[in-house]
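Report on one structure; see the data block that follows.
The values are calculated or read from the model by the stated rules, or taken from the named source; none is laboratory data. Here the structure is a predicted model, which is why all the values come from computation and not from measurement. Cβ sites come from the backbone with ideal geometry, for glycine too, and all protein chains shown count toward neighbours.
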């Protein structure tokens, strides 16, 4: 029997390295680097007249990789498509099968909920066919987003501002932030008062503070007059202890992480954005080099809405808890959490792949962000299988002149899971109260001090990134795989901005949302979007055809689009100018932010009488690699953009490269990227880091010529080919000056035609 030659294709090099180590000889593991085939960027790529057929093309810049994978696939006995275990991963596997011309018998689909040696080998032994229901669900989402983006964006360009975009989920998320801001503006504060008394026991030592509860039933003191009336009633009178309630209170651990709760908790406890959380979690899932262990996947798949845990994982946690903390800290059996209705439940909750790999044990092999997130996931999972925390609670009611004052306190008797982990909160939580004397009913006490305080009800809080994720999940807007990207998109498009970690709509975001609510109500309706997610789930379950879903949507959407274009004929919506605290030194007016050909700048609102302008100092994501300070976006006198440390000459850092919100997974410093079209992926500029990219390697992708682009009829490279042909013609016609001029004009004409042939429109990212 001959030696087998199997090809395994995954998305990333790190995942390929981990899996390759587990499989050993006989398996070649290659990375596709994400999608190899997608809708074109230069046109819609969806045939609206013929059942919404997508027109996929190879991703530009990956021609050499596709050629390499085709050659490897041709030599392989079996090709295992091992992309991520979700809709997107299923679609990538299908595109690979189609692009590499793999017959059904040769293409085998395998998935890994966690990348461990046991799971990888078991999955290879039990492959399956591609799930076309999953592929169809992904296609439906992709095509819906493409239609909305490409059809709506030009309208926004004409009526508001060029370069804007709309998206099926991003527009709803923006509306949620705008609606919250409108709630805050419309909020009417309501007055109320609190009243506390310090009570001294009569005949016994000890004092305590009690809070006004009611007269005798619970009621709120609405104003100072009511508060003073209570004070008058109790002045100089004794208080009687009427009720003492002692109880044991148990608190259970929080459930294991889903994508949503991981993003929320990482935001609360670590200050991570959802995007950063998912980037670091991806690294932990795909595998990192652990001293003494080799490349190891540390957590299960991080895109999930399930609370399910495997029996093996719960057994391992139980063994660890009993040996490390003692049997009294173990829950006593498998602690199973019920997954909420509507969850896909295709994967387990997020947990460590090896509970015995404690955070401190692997800390030396992880960068700072990886360690923090792994410790969070490991601790949360372990806590789910630990005993309840136990508290002793006491509540005391005292009465005076028909008014009841209450004091309460709780103390921890047994830490249980809190010994390892306690969930963060977005609010202040429940007050524990001060320790209380050992009181009995009938005891007397006298007030030694009273304190009244005026309060006002507060408006609903602005969303943070964490609470917006929570609200999106609760309302069914988006799915685990889209939360982080959606929030990142609405910030990048400047529809919302962060102020003190809270999301605030910009004037632009409010104008666009107002237009969308008026003319495209379904697109920004939470319930409609939630129902669409449910219908996408039905496609995944094989209960509905994806073309039917899109046809139903497009029938109403296309009508709304035509009506909007008619109603808005000749209308141009103006975005309100944002006033700043910067004062014009020429006329004393407060300057406003305007947008020009070189971006935003400060201008005097007194134009044309006053023409004063100033550059706008814009804070960028990331940190200065020299001193850790903020990085500011600045513009030279000639309009060129550069980036410099806020400390100026004191630090001296300056670069033409654009700082990003991503940190280097190795050293933790800010990653940079080249600006403009054709830019390569972000790079590290820390010379001491193993991922450092030298200056001469940070440039742009080289443009492909007609000879290297290929001649496939379904590619989108024709305009580029025309440009190349024009250049070649101009170079080879060198004998006569007139001929050169004619050729140059022809080349220019072709370039113009090529540009006109590819108008790019934005869609939801």
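Please determine, by comparing only the residues of the range 20-55 that are without any contact (Cβ under 8 Å) to a residue 24 or more places away in the chain and part of a loop (DSSP other than H, G, I, E, B), which one is nearest to residue 135 (Cα to Cα).
50
Criterion first (at pLDDT below 95 and over 21 Å from residue 3 (Cβ atoms)) does residue 83 satisfy it?
Numbers: at pLDDT below 95: no; over 21 Å from residue 3 (Cβ atoms): yes.
Spelling it out, it is not the case that residue 83 is at pLDDT below 95 and over 21 Å from residue 3 (Cβ atoms).
Can you confirm whether the range 263-277 contains a residue that is at pLDDT 95 or above and closer than 24 Å to residue 19 by Cα?
Yes, there is a match, as at least one residue in the range 263-277 is at pLDDT 95 or above and closer than 24 Å to residue 19 by Cα.
Residue-wise test of (1) surrounded by fewer than 16 Cβ atoms within 10 Å (Cβ to Cβ); (2) touching a strand residue (DSSP E or B) at 6+ places or on another chain (Cβ under 8 Å).
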{"site": "596", "(1), (2)": "yes, no"}
{"site": "602", "(1), (2)": "no, yes"}
{"site": "609", "(1), (2)": "yes, no"}
{"site": "614", "(1), (2)": "yes, yes"}
{"site": "619", "(1), (2)": "yes, yes"}
{"site": "622", "(1), (2)": "no, yes"}
{"site": "625", "(1), (2)": "no, yes"}
{"site": "628", "(1), (2)": "yes, no"}
{"site": "632", "(1), (2)": "no, yes"}
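Could you check how many residues of the range 153-202 are under 30 Å from residue 440 (Cβ atoms) and touching a helix residue (DSSP H, G or I) at 6+ places or on another chain (Cβ under 6 Å)? Walk me through how you get there before you give the answer.
Here is the first cut: in the range 153-202, the residues under 30 Å from residue 440 (Cβ atoms) are 194-202.
From what is left, the residues that are touching a helix residue (DSSP H, G or I) at 6+ places or on another chain (Cβ under 6 Å) are 195.
Final tally of qualifying residues: 1.
Inside the range 39-53, can you point out the residues that are buried (at least 17 other Cβ atoms within 10 Å of the Cβ) and either in contact with a strand residue (DSSP E or B) (Cβ under 7 Å, 6 or more places away or on another chain) or assigned by the TED database to the domain that holds residue 154 (or both)?
39, 40, 45, 46, 52 - these are the residues of the range 39-53 that are buried (at least 17 other Cβ atoms within 10 Å of the Cβ) and either in contact with a strand residue (DSSP E or B) (Cβ under 7 Å, 6 or more places away or on another chain) or assigned by the TED database to the domain that holds residue 154 (or both).
Return only the number of the condition from (1) touching a residue at least 60 places away in the same chain (Cβ under 8 Å); (2) touching a strand residue (DSSP E or B) at 6+ places or on another chain (Cβ under 6 Å) that residue 83 does not satisfy.
Failing condition for residue 83: (2).
Run down 138, 117, 125 and say which single residue is modelled with pLDDT of 95 or more, out of contact with any strand residue (DSSP E or B) (no Cβ under 8 Å at 6 or more places or on another chain) and under 27 Å from residue 354 (Cβ atoms). Quick ask: steps written out before the conclusion?
Numbers: 138 fails: under 27 Å from residue 354 (Cβ atoms); 117 fails: modelled with pLDDT of 95 or more.
From the options 138, 117, 125, the qualifying one is 125.
With the structure loaded, tell me whether residue 84 is over 22 Å from residue 551 (Cα atoms), under 27 Å from the mean Cα position of the chain (by Cα), in a loop (DSSP other than H, G, I, E, B) and not assigned by the TED database to the domain that holds residue 517 or whether it fails that test.
Answer is yes for this residue.
Among 82, 74, which is surrounded by fewer than 21 Cβ atoms within 10 Å (Cβ to Cβ) and closer than 22 Å to residue 27 by Cβ?
74
What's the total number of residues in the range 265-279 that are touching a strand residue (DSSP E or B) at 6+ places or on another chain (Cβ under 8 Å) and without any contact (Cβ under 8 Å) to a residue 40 or more places away in the chain? Break it down stepwise before answering.
As a first pass, look at the range 265-279 and keep what is touching a strand residue (DSSP E or B) at 6+ places or on another chain (Cβ under 8 Å): 265, 273, 275-276, 279.
Those left that are additionally without any contact (Cβ under 8 Å) to a residue 40 or more places away in the chain: none.
Summing the residues that are touching a strand residue (DSSP E or B) at 6+ places or on another chain (Cβ under 8 Å) and without any contact (Cβ under 8 Å) to a residue 40 or more places away in the chain in the range 265-279 gives 0.
Mind checking which pairs have a first residue in the range 175-200 that is without any contact (Cβ under 8 Å) to a residue 60 or more places away in the chain and a second that is in a helix (DSSP H, G or I) and surrounded by 15 or more Cβ atoms within 10 Å (Cβ to Cβ), Cβ under 8 Å, 6 or more apart or different chains?
Every condition considered, no pair remains.
List the number of the failed condition for residue 567; all other conditions in (1) surrounded by 16 or more Cβ atoms within 10 Å (Cβ to Cβ); (2) within 22 Å of residue 164 (Cβ to Cβ) hold.
Answer for residue 567: the failing condition is (1).
Given (1) farther than 21 Å from residue 498 by Cα; (2) surrounded by 16 or more Cβ atoms within 10 Å (Cβ to Cβ), identify the lone condition not met by residue 640.
Residue 640 satisfies every listed condition except (2).
For the list (1) in contact (Cβ under 8 Å) with a residue 60 or more places away in the chain; (2) surrounded by fewer than 21 Cβ atoms within 10 Å (Cβ to Cβ); (3) touching a helix residue (DSSP H, G or I) at 6+ places or on another chain (Cβ under 7 Å), I need the number of the one condition that residue 98 fails.
Evaluating residue 98 over (1) in contact (Cβ under 8 Å) with a residue 60 or more places away in the chain; (2) surrounded by fewer than 21 Cβ atoms within 10 Å (Cβ to Cβ); (3) touching a helix residue (DSSP H, G or I) at 6+ places or on another chain (Cβ under 7 Å) leaves (3) as the failure.
Under the condition of being under 15 Å from residue 62 (Cβ atoms) and within 24 Å of the chain's Cα centre (by Cα), which residue from the range 11-35 is surrounded by the most Cβ atoms within 10 Å (Cβ to Cβ)?
At the first step, the residues of the range 11-35 found to be under 15 Å from residue 62 (Cβ atoms) are 11-13, 30-35.
Retained after the next criterion (residues that are within 24 Å of the chain's Cα centre (by Cα)): 11-13, 32-35.
Numbers: 11: 21, 12: 18, 13: 13, 32: 24, 33: 15, 34: 13, 35: 18.
Among them, the one singled out is 32.
Sort out which residues of the range 457-488 are surrounded by 21 or more Cβ atoms within 10 Å (Cβ to Cβ) and not in a loop (DSSP other than H, G, I, E, B), and write them in order of number.
465, 466, 468, 469, 472, 473, 483, 484, 486, 487
Can you list the helices (runs of 4 or more DSSP H) lying wholly within the range 100-202 that have 2 or more residues being assigned by the TED database to the domain that holds residue 519 and more than 30 Å from residue 296 (Cα to Cα)? Break it down into steps so the answer makes sense when it comes.
On the way: elements: 117-125, 132-159, 170-186.
Hits in the range 100-202: 132-159, 170-186.
Provide a single number: the residues in the range 532-544 that are exposed (fewer than 14 other Cβ atoms within 10 Å of the Cβ) and touching a residue at least 40 places away in the same chain (Cβ under 8 Å). Give the derivation first.
In the first step, residues of the range 532-544 are kept if they are exposed (fewer than 14 other Cβ atoms within 10 Å of the Cβ); the result is 534, 541-543.
Next, only the ones that are touching a residue at least 40 places away in the same chain (Cβ under 8 Å) stay: 534, 541-542.
Looking only at that region, the number is 3.
Among the residues of the range 264-308 satisfying the criterion of being surrounded by fewer than 24 Cβ atoms within 10 Å (Cβ to Cβ) and at positive phi, which is farthest from the chain's Cα centre (by Cα)?
292
Looking only at the range 575-594, how many residues end up being out of contact with any strand residue (DSSP E or B) (no Cβ under 7 Å at 6 or more places or on another chain) and touching a residue at least 12 places away in the same chain (Cβ under 8 Å)?
Residues meeting the conditions: 6.
Do we find a residue being crowded, with 17+ Cβ neighbours inside 10 Å and over 30 Å from residue 231 (Cα atoms) anywhere in the range 180-193? Break it down into steps so the answer makes sense when it comes.
Here is the first cut: in the range 180-193, the residues crowded, with 17+ Cβ neighbours inside 10 Å are 180-181, 193.
Then drop every residue that is not over 30 Å from residue 231 (Cα atoms), which leaves 180-181.
Yes, some residue in the range 180-193 is crowded, with 17+ Cβ neighbours inside 10 Å and over 30 Å from residue 231 (Cα atoms).
Can you confirm whether the range 253-260 contains a residue that is more than 30 Å from residue 86 (Cβ to Cβ) and either in contact with a strand residue (DSSP E or B) (Cβ under 7 Å, 6 or more places away or on another chain) or surrounded by 15 or more Cβ atoms within 10 Å (Cβ to Cβ) (or both)? Break it down stepwise before answering.
Step one: list which residues in the range 253-260 are more than 30 Å from residue 86 (Cβ to Cβ), which gives none.
Within the range 253-260 (the criterion being more than 30 Å from residue 86 (Cβ to Cβ) and either in contact with a strand residue (DSSP E or B) (Cβ under 7 Å, 6 or more places away or on another chain) or surrounded by 15 or more Cβ atoms within 10 Å (Cβ to Cβ) (or both)), the answer is no, since none of the residues qualifies.
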